[in-house]
Number of protein chains: 2
Amino acid sequence: MHDFTSHMPIAIDEAKAAGERGEVPVGAVIVSADGEIIARAGNETRALNDPTAHAEILAIRRACAALGSERLIGCSLWVTLEPCPMCAAAIGFARISRLYFGASDPKSGGVDHGPRIFDASSAHHVPELFNGIAEDQCTVLLRDFFAQKRRASKKGQ
Amino acid sequence: MHDFTSHMPIAIDEAKAAGERGEVPVGAVIVSADGEIIARAGNETRALNDPTAHAEILAIRRACAALGSERLIGCSLWVTLEPCPMCAAAIGFARISRLYFGASDPKSGGVDHGPRIFDASSAHHVPELFNGIAEDQCTVLLRDFFAQKRRASKKGQ
């Protein structure tokens with residue numbers, strides 16, 4: 001049975017928590033086919049000094065650890081921002097069945113923009129794609145974060 | 001001063017060790033501008049149940065942890081196989097200065113093939129690229145590994 005609950009509110013909570021820690025506010029959650037939350041994460045690139053510690057990568061690593069499997073077949077990933085090419089490729093490797101994302105990312109996205117990972121003929125696995133989920137809320141989070149950073153940086157000059 | 005030593009033999013050693021552990025034999029090493037080895041890794045996707053645990057990602061994470069920095073400016077990454085799109089994007093995020101790779105990967109590569117990550121107009125950072133380093137050795141390693149797997153799988157039938 002497919003679970004029709006929107007899990008974006010959890011991803012948004014993770015994004016907000018990331019922003020409060022000074023990270024770019026992006027959050028993700030991985031949910032099993034029957035609606036069980038398996039892993040959730042916010043960006044931690046700064047805290048971990050790890051450029052690969054995007055919310056999606058951390059959620060995938062945590063979900064795989066929880067299930068003891070390299071593959072998350074049947075799972076859905078909800079993320080507040082269009083995944084970058086690194087995360088989109090990782091989502092393919094993890095065989096995630098459905099990808100739901102919020103804000104569009106024309107500058108750094110890798111699904112609807114840039115290298116469009118899932119459109120490449122070499123893509124081994126393509127999830128079902130749903131974009132624009134709670135898009136306004138997800139976009140405002142990012143916009144407010146960067147506006148605040150710009151104000152802080154002007155004050156510091 | 002630029003270091004002209006080939007560090008591919010170390011990446012090959014890591015690839016061989018990965019193959020002996022039953023992982024796809026790919027190895028990577030990250031070297032500072034003055035030739036110091038900062039991190040080395042082989043594939044660990046099976047051992048760690050982590051689809052993101054490619055040699056390059058592990059080497060980047062280890063090097064960033066060793067240097068306490070999200071960025072590896074001035075560093076070189078040597079890897080036995082053309083990086084996939086996930087790893088190529090991570091190499092860009094880590095701001096690695098030079099990427100040397102061995103075997104070409106027409107099926108799953110993301111540098112000279114598929115989504116060609118560094119050719120996208122949205123690529124924020126493009127390292128200097130050197131392909132075909134010790135190509136024959138790197139290719140033979142992979143070919144032998146998969147030939148052996150096919151033989152083992154036929155026997156198991």
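Values in this text are rule-based calculations from the coordinates and carry no lab data. Bear in mind the structure is a predicted one, so any value in this text is a computation, not a measurement. Glycine also receives a Cβ, built like all others from the backbone with ideal geometry; neighbour counts cover every protein chain displayed.
Take B:Arg71, push a point 7 Å out from Cα through the beta-carbon direction, and compare it with the same point in every other copy: 4.0 nm, smallest first. Label-point spacing for B:Ala17 across the identical copies (point 7 Å from Cα in the Cβ direction), in nm and ascending order: 3.5. With R₀ fixed at 30 Å, the C-beta to C-beta distance from B:Leu129 to A:Lys107 puts the FRET efficiency at about 0.85. Summing charges over all other residues whose Cβ lies under 13 Å from the Cβ of A:Asp119, with Lys and Arg as +1 and Asp and Glu as -1, gives +1. Working from label points 7 Å from Cα in the Cα-to-Cβ sense, the B:Ile37 to A:Arg116 distance is 4.3 nm. Sorted from shortest to longest, the distances between the B:Asp119 label points of this copy and the other copies are 1.4 nm, with each point 7 Å from Cα along the line through the beta carbon. Whole-Hz Karplus values for segment B:32-44 come out as 6, 4, 9, x, 7, 7, 9, 7, 9, 6, x, 3, 9 Hz, taken residue by residue from phi with 6.51 cos²θ - 1.76 cosθ + 1.60 and θ = phi - 60°; glycine and proline positions read x. Across all Cα atoms of segment A:1-98, the radius of gyration (one decimal) and Dmax (whole number) stand at 12.4, 40 Å. Computed 3J(HN,Hα) for segment A:46-61, one whole-Hz value per residue from the Karplus formula 6.51 cos²θ - 1.76 cosθ + 1.60 where θ = phi - 60°, is 6, 4, 9, 6, 9, x, 8, 7, 6, 3, 5, 5, 5, 5, 5, 4, glycine and proline marked x.
Of all chain A residues, the closest to the A-onto-B rotation axis by Cβ, with that distance in whole Å, is A:Pro115, 2. Computed from point charges on the beta carbon alone (+1 for Lys and Arg, -1 for Asp and Glu), the dipole magnitude for segment A:67-157 about its Cα centre is near 560 Debye.
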